[in-house]
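Sharing a structure with you now.
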Amino acid sequence: MRPKLVLFGDSITEESFGEGGWGAALAHHFSRKADVVLRGYSGYNTRWALKVVGRAMEGVCPDGVAPPAAATVFFGANDATLPDRCCGFQHVPLPEYQSNLRAICAYLRERWSSTVIILITPPPIDEDGRLRDTSGDNSSGLPERTNESAGAYAKACVAVANELGLPVIDIWSKMLQFPDWEKSFLRDGLHFTASGNSVLFEEVVKKLGDEGLSLEALPVDLPDILDMDPNDPLKSFCD
């Protein structure tokens, strides 16, 4: 059986199999080595994710099948919504956010003890981009998210990862290292452009490699055509 890589998160995960998405790039990258399983839930915060994590993981690995090789947990963008702005019902206080992350990771560890769990922080927020976004109902003239709040949740996510001894991708800090990150990486102040997806894809591949799950380390699924005897190709399938 091919190993599985599970992506658990909010809309940035749900959209990741779209054109240019980081999940689609992972599926292509590991196309002969691993299956990428999408479990993304647009608008969800860690409070709701904790409620549904059991159902979300049903069917990922049936009984008798090896557990996933790795799982990404990518929440916080919705938790960091300001409570007194539009979409405030998505807000989760910072201490609860950390508690929920711990509980989600504990569930995954208990279910699949060998699975590598990788936390991903919420991304930075372009407040101007959020104000220009017309997909929601925001009549206040104020962004429902701020980069300062996102940064606080990113730091809290890193702290939980360090506490639990888990690998973490601080995408908030990573993106801020680039000039014009606001428009280059975020199409609406929150969700990723193709360039933003590419940054996260590269970070996930690096982190998987650090955990022994590189393209080179994983075996090819079924014989490679280059390894077949051109005079007797079917011999490759005898074992």
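With (1) among the polar types (S, T, N, Q); (2) more than 18 Å from the chain's Cα centre (by Cα); (3) within 28 Å of Phe17 (Cβ to Cβ) as the list, and Ser236 as the residue in question, which single condition is left unmet?
The failed condition is (3).
Quick check, is Arg130 basic (Lys, Arg), under 16 Å from Tyr44 (Cβ atoms) and either part of a helix (DSSP H, G or I) or touching a residue at least 12 places away in the same chain (Cβ under 8 Å) (or both)?
So Arg130 fails the test.
Which of the residues belonging to segment 166-190 are aliphatic (A, V, I, L, M) and farther than 18 Å from Phe75 by Cβ?
Leu176, the sole residue that qualifies.
Does segment 118-129 contain at least one residue that is at pLDDT 95 or above and surrounded by fewer than 18 Cβ atoms within 10 Å (Cβ to Cβ)?
no
Table: residues versus (1) on the phi < 0 side of the Ramachandran plot; (2) hydroxyl-bearing (Ser, Thr, Tyr); (3) assigned to a helix (DSSP H, G or I).
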position	(1), (2), (3)
Phe89	yes, no, yes
Cys105	yes, no, yes
Pro124	yes, no, no
Ser149	yes, yes, yes
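Please pick out the residue among Pro233, Pro219 that is in contact (Cβ under 8 Å) with a residue 60 or more places away in the chain and loosely packed, with under 14 Cβ neighbours inside 10 Å.
Only one candidate passes the filter, namely Pro219.
State all residues of segment 1-55 that are assigned to a loop (DSSP other than H, G, I, E, B), modelled with pLDDT of 95 or more, among the polar types (S, T, N, Q) and surrounded by fewer than 23 Cβ atoms within 10 Å (Cβ to Cβ); if no residue qualifies, say none.
Matches in segment 1-55: Ser42 only.
Output the residue which, of all residues in segment 205-216 that are part of a helix (DSSP H, G or I) and in contact (Cβ under 8 Å) with a residue 12 or more places away in the chain, is surrounded by the fewest Cβ atoms within 10 Å (Cβ to Cβ).
Applying the filter and picking the extreme gives Asp210.
A further question on this structure: So which of Gly64, Gly76 ends up being over 19 Å from the mean Cα position of the chain (by Cα) and either part of a loop (DSSP other than H, G, I, E, B) or crowded, with 18+ Cβ neighbours inside 10 Å (or both)?
From the options Gly64, Gly76, the qualifying one is Gly64.
May I pose another question? Pull up segment 216-239, narrow it to residues that are hydrophobic (A, V, I, L, M, F, W, C) and in contact with a Lys or Arg (Cβ under 6 Å, 6 or more places away or on another chain), then point me to the one that is nearest to Ser114 (Cα to Cα).
Checked segment 216-239; the qualifying residue nearest to Ser114 (Cα to Cα) is Leu218.
Yes/no per residue for (1) part of a helix (DSSP H, G or I); (2) closer than 26 Å to Cys105 by Cα; (3) in contact (Cβ under 8 Å) with a residue 24 or more places away in the chain:
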position	(1), (2), (3)
Met175	yes, yes, yes
Leu190	no, yes, yes
Glu203	yes, yes, yes
Leu226	yes, no, no
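Name, by its number, the condition in (1) buried (at least 16 other Cβ atoms within 10 Å of the Cβ); (2) of a type in the set (S, T, N, Q); (3) free of Cβ contacts under 8 Å to residues at least 12 places away in the same chain; (4) not in a helix (DSSP H, G or I) that does not hold for Ser99.
Unmet for Ser99, out of (1) buried (at least 16 other Cβ atoms within 10 Å of the Cβ); (2) of a type in the set (S, T, N, Q); (3) free of Cβ contacts under 8 Å to residues at least 12 places away in the same chain; (4) not in a helix (DSSP H, G or I): (4).
The values are calculated or read from the model by the stated rules, or taken from the named source; none is laboratory data. Being a predicted model, the structure only gives us computed values, none of them experimental. In this analysis, Cβ positions are derived from the backbone assuming ideal geometry, glycine residues included, and neighbour counts consider all displayed protein chains.
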